[in-house]
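One structure below.
Read-outs throughout are calculated quantities, based only on the coordinates presented, and are distinct from any laboratory measurement. Every value quoted in this text rests on a predicted model; they were computed, and no experiment measured them. Every residue, glycine among them, receives a Cβ derived from its backbone with ideal geometry; neighbour counts consider all protein chains shown.
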Amino acid sequence: DTGVSQDPRHKITKRGQNVTFRCDPISEHNRLYWYRQTLGQGPEFLTYFQNEAQLEKSRLLSDRFSAERPKGSFSTLEIQRTEQGDSAMYLCASSLVGSGLRNQPQHFGDGTRLSIL
Amino acid sequence: AQSVAQPEDQVNVAEGNPLTVKCTYSVSGNPYLFWYVQYPNRGLQFLLKYITGDNLVKGSYGFEAEFNKSQTSFHLKKPSALVSDSALYFCAVRDLGFQKLVFGTGTRLLVSP
């Protein structure tokens, strides 16, 4: 178990640029989640995948945000035309669900901190 | 909608003393509750969960939590605090019918030597 891995750890970009983050979940975990955390707040849910299917999206996920998990393994989160308000920590989590595996905890990566200049 | 509240922004305790970090919840149906800890510039680490069963749940690093249905609380406790326990603690509830976690605003725990 190597844990959830996120890349990059830090991203600084100018307003209006596009950015993409990657998340590698714990191997064999079939669920993958994205959250956003701003300073002084708890994480807020953005979206989640079961295998390659995106099953839920938050209203926080505007049209500028898109997430994919093409082969049911790693996932990417892209933000287009970044804005100042996008500055936050973007956290990825994964979990394993299935028969006899209910309410398993989500395991988080160390996040990608995005700063918009 | 499911929600949790953490009424204290910060809790201060001396090393060796017991600690309590408070959490109250509001849910429809049975609550599925979690505690996570976050160290600076790191992600969240799972500590423990309550699904059903015993009201006292034991977790990682000597932490435990007491589920109280009548008071709708799920307080995190530790008998003897360590300086290394200083961190940000989040209570969370699983959203009914969905899979997302809904987090509180967090409580900063400061353990002084």
Query raised in the report: In this model, which of A:Lys11/B:Lys78; A:Lys71/B:Lys22; A:Lys14/B:Lys49; A:Lys57/B:Lys78; A:Lys14/B:Lys22; A:Lys14/A:Lys57 are farther than 32 Å apart at the alpha-carbon?
Result: A:Lys11/B:Lys78; A:Lys71/B:Lys22; A:Lys14/B:Lys49; A:Lys57/B:Lys78; A:Lys14/B:Lys22
Report task. Choose one answer from B:Ala14, B:Ala65, B:Ala81: the residue with the largest mean-square fluctuation in a GNM of chain B with alpha-carbon springs under 10 Å. Result -> B:Ala14
Query raised in the report: Can you give the average number of partner chain beta-carbon atoms within 10 Å of each beta-carbon in peptide B:32-44, as a whole number?
Result: 5
Query - Positive-end residue of B:Val57, A:Tyr35, A:Leu114, charge dipole of the protein assembly as shown with Cβ unit charges - result: A:Leu114
Query raised in the report: Once you average over the residues of A:102-110, how many Cβ atoms of partner chains fall within 10 Å of each Cβ?
Result: 6
Query raised in the report: What average number of partner chain Cβ atoms lie no more than 10 Å from the Cβ of the residues making up B:104-112?
Result: 1
Query - Given charges at beta-carbon only (K, R positive; D, E negative), |dipole| of chain B in Debye - result: 220 debye
Query - Cross-link reach list, aspartates and glutamates versus B:Lys58, counting only Cα pairs under 15 Å and skipping chain neighbours closer than eight places - result: B:Glu66
**Report entry** Test item: Cα-centred dipole of the protein assembly as shown, Lys/Arg +1 and Asp/Glu -1 on Cβ, debye
**Finding:** 320 debye
